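Written below as structure tokens is the structure these notes are about.
The values are calculated or read from the model by the stated rules, or taken from the named source; none is laboratory data. For clarity, every value in this text was computed on a predicted model and none was experimentally measured. Cβ placement follows ideal geometry from the backbone for every residue including glycine, while neighbour counts extend to all protein chains displayed.
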Amino acid sequence: MLHSELRINVLDDADPETLWPGEWEDLTARGAAAATFVSRPWVSSWLDVYAAEKPVKAIELRADGVLVGALWLYRLDEPAYGTRWLTVGSGNSDRLDPLLDAAFAERAALGLLDVLADLSADAPVELQQVSADSVFARVAASDPRCRIVRQDTCLVVDLRNASQALELLKKGMRYDLRRSRKLMEEHGGTIREAAPGATDGLIDALVRLHTARWRARGESGVLADEASRALHRSVARRMAGKSLVLRALEINKRIVACIYGFRSNGCEMSYLTGFDPAWSRLQPGKLILADTIDRAIAAGSQRFDMLRGREDYKYRWPVIEEPCIRISIGSSHEEPGRTLDHR
């Protein structure tokens, strides 16, 4: 297949609910990177919430009839920046690399860039939050049609040589975690997973805890608008029992912390956390994060991705900084590095 002719089709207003049945999921598993934010559940939910009335294009790449690449774009019209084709998910998705078969990534990237260059004759094309170390980013960096600027950085913990979360922490922080775990046991605390069909309750708890914490700082947080809440309720329902990570720490049947994330291709991701400040002496945020890392290690995950954002709590772990970039094709008046902000 590596020497097969590459065929590329641009599909207008395709339905992500029904397009590429089975093939999309197979390609996600063969992808060159963790693919949560370019998977069917995320793309379908995101389009429903943010681009239901906007023009959409799905680009498929095939070799010997097999789907080896996919990318979803939507058209955004803004008075300040004009019309642009943007990656579906822009603004509140991380790791928005085009979905490419790992064994076919370089050829597929070259073909995809040709198609995007053709599309840019209609309106500029911008791919946001592409992993800077990806095959697609490397191919784009050598293409004079592409303008590349650095965007946000994702923070990743390497799990390959760890048998438990405690091993990843410095000595003093190990003591703090053990102490918090003891306090949790004394209070009868438990950590439970969201059951399929019952995810809305934990998403609502996450919204409450996350928003309360940010309001205490005089800010609204990323779940303050109904669109964001609708997105995550939809995603959680679609991913429950599959790639969803959604857990709550409860004490006396009261939820005092939540974590929300995903797993994909040997990587577990933490998208959002929230905790009750009234229980801060218990360090519930650290407890539920450490528990999630323990479960990721036990499941054989090699990476724990805390995604973008340089919050202090992330740097308590041995994180590796992995920058993301924006790739622009065609003219653009947008200021360098600007990231759409739905998150």
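Entry remark, the stretch 211-232: residues being part of a helix (DSSP H, G or I), within 15 Å of residue 272 (Cα to Cα) and either over 18 Å from the mean Cα position of the chain (by Cα) or charged (D, E, K, R) (or both) number 5 in total. Scan the stretch 274-283 for residues that are in contact (Cβ under 8 Å) with a residue 60 or more places away in the chain and either over 14 Å from residue 260 (Cβ atoms) or β-branched (Val, Ile, Thr) (or both) and the total you get is 5. Going through (1) over 21 Å from residue 49 (Cα atoms); (2) buried (at least 22 other Cβ atoms within 10 Å of the Cβ); (3) in contact with a Ser or Thr (Cβ under 6 Å, 6 or more places away or on another chain) one by one, residue 64 falls short only on (2).
Residue by residue, here is whether (1) free of Cβ contacts under 8 Å to residues at least 24 places away in the same chain; (2) in a strand (DSSP E or B); (3) among the small types (Gly, Ala, Ser); (4) closer than 20 Å to residue 27 by Cα holds:
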position	(1), (2), (3), (4)
69	no, yes, yes, yes
97	no, no, no, yes
111	no, no, yes, yes
117	no, no, yes, no
130	no, yes, no, yes
137	no, no, yes, yes
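Just to check your reading of the model, which residue among 270, 280 is touching a Phe, Trp or Tyr at 6+ places or on another chain (Cβ under 8 Å), not in a loop (DSSP other than H, G, I, E, B) and not assigned by TED's automatic domain parsing to the domain that holds residue 32?
Details: 280 fails: touching a Phe, Trp or Tyr at 6+ places or on another chain (Cβ under 8 Å).
On inspection, the qualifying residue turns out to be 270.
For the stretch 1-59, the candidate set comprises residues that are among the aromatic types (Phe, Trp, Tyr) and not in a loop (DSSP other than H, G, I, E, B); within that set, the residue that is nearest to residue 239 (Cα to Cα) is 42. The residues of the stretch 135-148 that are among the aliphatic types (A, V, I, L, M) and either surrounded by 14 or more Cβ atoms within 10 Å (Cβ to Cβ) or touching a His at 6+ places or on another chain (Cβ under 8 Å) (or both), listed by number, are 135, 137, 139, 140, 148. It is to be established whether one or more residues within the stretch 175-191 are assigned to a strand (DSSP E or B) and either in contact with a His (Cβ under 9 Å, 6 or more places away or on another chain) or surrounded by fewer than 17 Cβ atoms within 10 Å (Cβ to Cβ) (or both). The answer is yes; a qualifying residue exists. Does residue 276 fit the bill of being at pLDDT 95 or above and among the charged types (D, E, K, R)? When the stated conditions are applied, residue 276 does not pass them.
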